[in-house]
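S.K.: Dumping the structure here so I can ask a few things about it.
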Amino acid sequence: MEWLALILSLPANSATTRTRTWRELKALGAGTLRDGVYLLPARPEFRSALEAIEAGVAVAGGSAQIVRIVSEGPQQERAHVKLFDRTEAFGELGERISQAGRALKAESEAAAMRTLRRLQKSFEDICRTDFFPGPAQQRGRKDLDRLQRAATLRSVVHGIDRHEHRGIADRRRRNAPDCRIGMAVMVHIGIVEH
């Protein structure tokens, strides 16, 4: 597999350049081979982004070179791919999704939807730099979908006013099996406690 390596030497007295360069590389999803050596898959969009970083470093008085490299076999390729493993990031997101699911009952509908949007954005941000998607991304997507279904169902359930609820209760007595199924679904996704 082909890679682009950015080899940097930044001026010691320029904390601003260091911080800016680090943030730009992090936003791209670059892996760190060692101090001052960053790796990305060889793609045109990454080359242009690395060229911009290279130019910024040169203006600040540092030096940077972009080098195209090829993995020297399966073992080295696995080591390079491992630099882009986002399992930990998806795990942290999964925990935040679980916390949001537990807090869903206590939050207002607006707060729940804001939380859901923030979590969706976080998921998309991680996916953007997950160049080799695997089970962690799939798990994250399932967790987020489950939370979205729960928030949507909660919104629908909370949208029913008391008169409608009384009508549902009356229908429930007449049509108990359907209501038991609906209640089981709400218990399963955590909207109603058993």
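The values are calculated or read from the model by the stated rules, or taken from the named source; none is laboratory data. A quick note: this is a predicted structure, and the numbers were derived from the prediction, not measured. Please note: Cβ atoms are built from the backbone with ideal geometry, for glycine as well, and neighbour counts cover all protein chains shown. Surface areas here come from the heavy atoms of the whole protein model, side chains and all, with no ligands, DNA or RNA. Shrake-Rupley method; radii C 1.70, N 1.55, O 1.52, S 1.80 Å.
S.K.: Tell me the carbon and sulfur percent of the accessible area for the stretch 1-123, rounded to whole percent, probe radius 1.4 Å. Present the calculation step by step, with values, prior to reporting the outcome.
M.R.: Numbers: 3730 of 7210 Å².
Carbon with sulfur: 52 percent of the solvent-accessible area.
S.K.: For the stretch 52-131, what class follows from the C-alpha gyration tensor (a ≥ b ≥ c being the square roots of its eigenvalues): rounded when a/c is under 1.5, otherwise prolate if a/b is larger than b/c, else oblate?
M.R.: Numbers: a/c = 4.69, a/b = 1.89, b/c = 2.48.
Oblate shape, in that a/c is at least 1.5 and b/c is the bigger or equal ratio.
S.K.: Right, here's the next one. Go through 61-69, 4-12 and give me the packing order, highest mean Cβ count within 10 Å leading.
M.R.: On the way: 61-69: 14.3, 4-12: 16.8.
With the highest mean Cβ count within 10 Å placed first, the list reads 4-12, 61-69.
S.K.: What whole-number distance in Å separates the alpha-carbon centres of the stretch 1-33 and the stretch 77-110?
M.R.: First find each Cα centre; the distance between them is then 25 Å.
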